Amino acid sequence: MSMKRVKQRTQGSPRDDEARDTYFAKPAQHVFTWEEVEAKPEDAFVPYSMTGRFAKGAFIAHPKFGHGVVIAVEQTNVQILFKDGTKKLGHGAA
């Protein structure tokens with residue numbers, strides 16, 4: 001019994017690299033600016049608390065730092081863009 005061996009292709013996929021890269025690419029994520037935060041109405045902001053859970057893009061009203069937007073979320077921390085810069089604050093603590 002003989003086994004037929006097939007020569008491997010070395011040219012790669014017939015598709016171009018750009019099509020492959022865009023197929024597997026993550027969708028572009030929105031980058032917030034301070035001007036967007038300032039333009040929001042007062043009722044769009046949720047009061048900040050350590051026990052609250054926040055998602056990316058949530059608008060926060062902090063008692064010390066003022067208004068901000070959540071730009072990154074970790075398990076126990078959120079990174080919030082304020083007028084003075086970004087701050088890393090806790091969230092979801094029991």
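Filtered by the rule that a residue be touching a residue at least 24 places away in the same chain (Cβ under 8 Å) and among the charged types (D, E, K, R), the range 36-50 gives Glu36, Glu38, Lys40.
The set of residues in the range 57-75 that are closer than 17 Å to Glu35 by Cα and either loosely packed, with under 15 Cβ neighbours inside 10 Å or among the β-branched types (Val, Ile, Thr) (or both) comprises Gly57, Ile60, Ala61, Gly66, Val69, Val70, Ile71.
Would you check if there is a residue in the range 76-87 being touching a residue at least 40 places away in the same chain (Cβ under 8 Å), in a loop (DSSP other than H, G, I, E, B) and surrounded by fewer than 18 Cβ atoms within 10 Å (Cβ to Cβ)? Within the range 76-87 (the criterion being touching a residue at least 40 places away in the same chain (Cβ under 8 Å), in a loop (DSSP other than H, G, I, E, B) and surrounded by fewer than 18 Cβ atoms within 10 Å (Cβ to Cβ)), the answer is yes, since at least one residue qualifies.
Answer yes or no as to whether Arg15 is modelled with pLDDT under 75 and loosely packed, with under 10 Cβ neighbours inside 10 Å. The answer is yes for Arg15. Within the option set Thr10, Thr51, being among the hydroxyl-bearing types (Ser, Thr, Tyr) and either in a strand (DSSP E or B) or modelled with pLDDT under 75 (or both) holds for one residue only, Thr10.
Just one of the numbered conditions (1) in contact (Cβ under 8 Å) with a residue 24 or more places away in the chain; (2) in contact with a Phe, Trp or Tyr (Cβ under 8 Å, 6 or more places away or on another chain); (3) closer than 18 Å to Gly92 by Cα is not true of Arg53: (2).
The values are calculated or read from the model by the stated rules, or taken from the named source; none is laboratory data. Treat the numbers as computed from the prediction; the structure is a model and nothing was measured. When we count neighbours, we look across all protein chains shown, and the Cβ atoms used for this are built from the backbone with ideal geometry, even at glycine.
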